[in-house]
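Visitor: My questions will all concern the structure given below.
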Amino acid sequence: MLKLEHVVKHYEVGGGDPIRAIDGVSLTVAAGELVVIFGPSGSGKTTLLELISGVRSPDAGRIFVDGRNVGTMSRREADAYRLRELGIVDQADTLFPGDRAIRNACLKLWLTNRRNAEAVVEPLLVRLGLGDRLNHPTELLSMGERQRLSIARALALAPKIVLADEPTANLDSRRTTEVLALLRELCSERGTVTILATHDEKAAAFADRAYELHEGRLRPFIAHREADSC
């Protein structure tokens, strides 16, 4: 289970008023739940994910994973937490050029000394529509294929928590639906806590709960509806 208690993260910029990126966020997410957090670029979504991952420390408040306070972990504990318990899908392209797609997806499995890593990850790649791209060099993959490969890498070790930052940003409408459905399915199958940060309103249909991050605080998300035409 993931629990945030009154988490705060502000940034000082140019001596003016601080930017209240996260301003008293409390949230509890049970195993198997998928929570979507909406907000435009710069709204603090990425900061919130970085706080949960332990990459950044909150100015106030606490973050617990299975009762452990992320903020009090040692560097070694935090590294092990990110490696073994988190699956992180971010907007940066961290795939290794010149290597085969399936080998890129195996990275976390190898770092944890898992045997038969390629056999373990291949079914996941097939489910992500990459079954015919397993042996392709990553530089020959499309942006959408690279994004799905990054998702496979994050999910390969069956993490307790998946943190996905705009995981469908480079996907077309059909692939977006497929990836969201797969994240929903795997979340339920594996009892994974999944936090998905996005601006794509389509994600709300796959969520147990949806919020909007506005001025550093979470509020229930309400889908925008076009005004009825006269």
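Visitor: Given axes a ≥ b ≥ c from the Cα gyration tensor, I'd like to know whether the stretch 3-82 is rounded (a/c under 1.5), prolate (a/b larger than b/c) or oblate.
Guide: oblate
Visitor: Between Glu118 and Asp59, 0.36 nm times their residue separation minus their Cα-Cα distance comes to what?
Guide: The span from Glu118 to Asp59 would gain 17.1 nm if fully extended.
Visitor: Where does helix 117-127 land angle-wise versus the long Cα axis of the chain, in degrees 0 to 90, nearest 10?
Guide: Computed tilt is about 70 degrees.
Visitor: Can you put Leu95, Leu155, Leu83 in order, fewest other beta carbons within 10 Å first?
Guide: So the ranking, lowest neighbour count to highest, is Leu83, Leu95, Leu155.
Visitor: Oh, and also: For the chain, what does the relative contact order come out to in percent, with C-alpha contacts under 8 Å and a separation of six or more?
Guide: So the answer I get is 29 percent.
Visitor: Next question, about the same structure. Given a Förster radius of 41 Å and the C-beta distance between Ser188 and Phe96 as r, what FRET efficiency does 1/(1 + (r/R0)^6) yield to the nearest 0.05?
Guide: That pair, Ser188 with Phe96, gives E of 0.85.
Visitor: Test of the criteria: in the stretch 75-175, which trypsin sites (Lys or Arg not before Pro) are in a DSSP loop and have at most 15 other Cβ atoms within 10 angstrom of their Cβ?
Guide: Loop-located and lightly packed - Arg114, Arg115.
Visitor: Report the gain in length on full extension from Leu111 to Arg209: 0.36 nm times residue separation, minus Cα-Cα distance, nm rounded to one decimal.
Guide: 32.0 nm
Visitor: Next question. Please compute the modelled spin-label separation between Ala30 and Glu201, points set 7 Å along Cα→Cβ, answer in nm with one decimal.
Guide: Going by the 7 Å Cα→Cβ label model, 3.0 nm.
Visitor: For the stretch 33-139, rounded, prolate or oblate, judged on the Cα gyration tensor with a ≥ b ≥ c (square roots of eigenvalues), a/c < 1.5 rounded, else prolate if a/b > b/c?
Guide: prolate
Visitor: Could you give the distance between the Cα centres of the stretch 107-167 and the stretch 39-89, to the whole Å?
Guide: 22 Å
Visitor: Sticking with this one: Once fully extended, how much extra length lies between His6 and Asp132, figured as 0.36 nm per residue of separation less the alpha-carbon to alpha-carbon distance?
Guide: This chain segment gains 40.7 nm when fully extended.
Visitor: Kirkwood hydrodynamic radius, computed over distinct alpha-carbon pairs, for the chain: how many Å, to one decimal?
Guide: Answer for the chain: a Kirkwood hydrodynamic radius of 18.4 Å.
Visitor: Here's another thing I want to ask about it. To the nearest 20 debye, what charge dipole does the chain have about its Cα centre, counting +1 at the Cβ of each Lys and Arg and -1 at the Cβ of each Asp and Glu?
Guide: Using Cβ point charges on Lys, Arg, Asp and Glu, the chain gives about 780 debye.
No lab work stands behind these numbers, since they all come straight from the coordinates. From a predicted model like this one, the values you see are computed outputs, not experimental measurements. In this analysis, Cβ positions are derived from the backbone assuming ideal geometry, glycine residues included, and neighbour counts consider all displayed protein chains.
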